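What follows is one structure encoded as structure tokens, with my remarks underneath.
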Amino acid sequence: MKIFVVNAGSSSLKYQLIDMDNESVLAKGLCERIGVTGAISHKAADGREYKTETPMPTHSEAFAAVVYAMMKSEAKVIDSFDEISAIGHRIVQGGAIFKGSCLVTDKVIEQISELGAMAPLHNPAHVIAIKACIKTFGDKIPQVVVFDTSFHQTMPPKAYMYALPYEYYERLAVRKYGAHGTSHHFVSDRVAVLENKDKKDLKIITCHLGNGCSITAVKDGVCADTSMGFTPLDGFMMGTRSGSLDPSALTYIAEKDNLSAADINTICNKKSGMLGVSGVSNDNRDVAAAAEAGNKRARLAIDMQRYQILKFIGSYIAAMNGVDAIAFTGGIGENDPELREYVCENLGYMGVKIDKEANKCRGKEIKISTEDSGVDIFVIPTNEELAIARDTLAIISK
Ligand code: AMP
């Protein structure tokens, strides 16, 4: 059984075709510059490639290019649509409406669209992509939506409420929703497998550290708390995002520099974080190289991010009254041994002991704590596409 996974943005469309019989990727690709010019790069599992620039005024032309790549190009992997059993879409914001994945219906599309106010960069693009996908593949292939937020829907009110006047929650649905849920779900499931235990019997902290970063506390098999909030800006510093800070700092800057709410939004989302502090780059590798070469602001950015990650982990240990396992994932989490060593050394009070040899690894699944460590520490490469495909399969099998 083959499942087609779609991750659409306003000008891009990432996809994978996954064979669920052995969970292998048959092909993956990316359409870029949709609405501007248009280009597709497509790769089959055996290494055959198809790349071309072709006009993509809308997502419909992008899907047409994907269909050509999968069915007719020199890197084709299927003969017809009939081989695709279902399509799974990644959706960023499901608000409090979507507690899990579900089949696409007109009502679901309308609800995703209504949630656009809370994810203006993402949900409107998802809706356009779902409609274009239905137009391209017809309505015989079931389509499923999988939300970044739904894993976090189990948080109790004490974790998701903000201490603002209650009316903002009632009237505007302002509360913590979290993000990266598909990744935290996938990685925490993997921890349970590696621990050979029921997830319900484990206290797990999953650290998704990439250009966007979030940390989640998983207790009794479900999300108990997470660092991202009303939007993915909350939590700790990321590539270009500030993470949490005193809102008064922002109202002060806005008043002093005569800035609008939109200006502040741009500063916090696009010009802050590692980029804003270091002045070098949003990319961990560039900032680390600059720090190594003696750049003090780059060193500060790295020290700040590591310290903030450590504090979040510590707060979730307190929130769960302990922790059995901590997992690192995402571009930084999977590839930065120094960051992992810093965190583990500073969790010595919990009995954490790092295996320095194992911790040298990059990008592969491995336990990096010693056998006598008080907490098991893992590196687990995330696989959001596979998680979406699994959910899609589960929904169509119901
Ligand atoms: P992601 O958003 O998950 O793709 O992660 C992107 C981040 O991972 C960037 O900041 C990269 O610099 C970082 N990253 C990727 N590979 C490495 C590496 N080998 N060492 C350190 N950081 C890395």
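The values are calculated or read from the model by the stated rules, or taken from the named source; none is laboratory data. Model, not experiment: these values are computed from the prediction. Every residue, glycine as well, gets a Cβ built from its backbone with ideal geometry; the counts of neighbours run over all protein chains shown.
Structure summary
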{"quantity": "Subset tally (residues that are within 15 Å of the ligand (Cβ to nearest atom) and within 21 Å of Val191 (Cβ to Cβ)) for segment 299-340", "calculated": "14"}
{"quantity": "Pairs with Cβ under 8 Å, 6+ apart, first in segment 280-291 and of a type in the set (Gly, Ala, Ser), second within 7 Å of the ligand (Cβ to nearest atom)", "calculated": "Ala288/Asp336"}
{"quantity": "Hits in segment 284-298 (condition: within 16 Å of the ligand (Cβ to nearest atom) and surrounded by fewer than 16 Cβ atoms within 10 Å (Cβ to Cβ))", "calculated": "Arg285, Asp286, Ala289, Glu292, Ala293"}
{"quantity": "Top-ranked residue of segment 212-227 - restricted to ones that are free of Cβ contacts under 8 Å to residues at least 60 places away in the same chain and more than 14 Å from the ligand (Cβ to nearest atom), ranked as farthest from Ile380 (Cα to Cα)", "calculated": "Asp220"}
{"quantity": "Subset of segment 238-279 [within 16 Å of the ligand (Cβ to nearest atom) and at positive phi]", "calculated": "Gly243, Gly273, Gly279"}
{"quantity": "Tabulated pairs, segment 307-329, first surrounded by fewer than 24 Cβ atoms within 10 Å (Cβ to Cβ), second at pLDDT 95 or above and of a type in the set (Lys, Arg), C-beta under 7 angstrom, 6+ apart or interchain", "calculated": "Met320/Lys203; Met320/Lys219; Gly322/Lys203; Asp324/Lys203"}
{"quantity": "Residues satisfying the stated conditions in segment 102-127, i.e. under 16 Å from the mean Cα position of the chain (by Cα) and either surrounded by fewer than 21 Cβ atoms within 10 Å (Cβ to Cβ) or of a type in the set (Ser, Thr, Tyr) (or both)", "calculated": "Leu121"}
{"quantity": "Number of positions in segment 26-71 that are under 17 Å from Ala8 (Cα atoms) and among the basic types (Lys, Arg)", "calculated": "2"}
{"quantity": "Criterion: touching a helix residue (DSSP H, G or I) at 6+ places or on another chain (Cβ under 8 Å) and without any contact (Cβ under 8 Å) to a residue 60 or more places away in the chain - qualifying residue of Leu250, Leu209", "calculated": "Leu250"}
{"quantity": "Residue in segment 357-383 that is farthest from the chain's Cα centre (by Cα), counting only those that are crowded, with 22+ Cβ neighbours inside 10 Å and within 16 Å of the ligand (Cβ to nearest atom)", "calculated": "Ile368"}
{"quantity": "Residue that is nearest to the chain's Cα centre (by Cα), among those in segment 2-56 that are in a loop (DSSP other than H, G, I, E, B) and crowded, with 21+ Cβ neighbours inside 10 Å", "calculated": "Ile34"}
{"quantity": "Evaluation of Met161 against (1) modelled with pLDDT under 95; (2) within 24 Å of the chain's Cα centre (by Cα) (one fails), failing number", "calculated": "(1)"}
{"quantity": "Extreme residue, nearest to the chain's Cα centre (by Cα), among residues of segment 170-190 that are at negative phi and surrounded by fewer than 16 Cβ atoms within 10 Å (Cβ to Cβ)", "calculated": "Leu172"}
{"quantity": "Filter result (assigned to a loop (DSSP other than H, G, I, E, B) and either without any contact (Cβ under 8 Å) to a residue 40 or more places away in the chain or among the hydroxyl-bearing types (Ser, Thr, Tyr) (or both)) within segment 71-101", "calculated": "Lys72, Ser73, Glu74, Lys76, Asp79, Ser80, Ile97, Ser101"}
{"quantity": "Test result for Asp263, buried (at least 17 other Cβ atoms within 10 Å of the Cβ) and within 25 Å of Leu115 (Cα to Cα)", "calculated": "no"}
{"quantity": "Residues satisfying the stated conditions in segment 191-211, i.e. within 16 Å of the ligand (Cβ to nearest atom) and surrounded by fewer than 20 Cβ atoms within 10 Å (Cβ to Cβ)", "calculated": "Gly210, Asn211"}
{"quantity": "Matching residues, segment 266-282, being modelled with pLDDT under 95 and either touching a strand residue (DSSP E or B) at 6+ places or on another chain (Cβ under 9 Å) or crowded, with 16+ Cβ neighbours inside 10 Å (or both)", "calculated": "Asn269"}
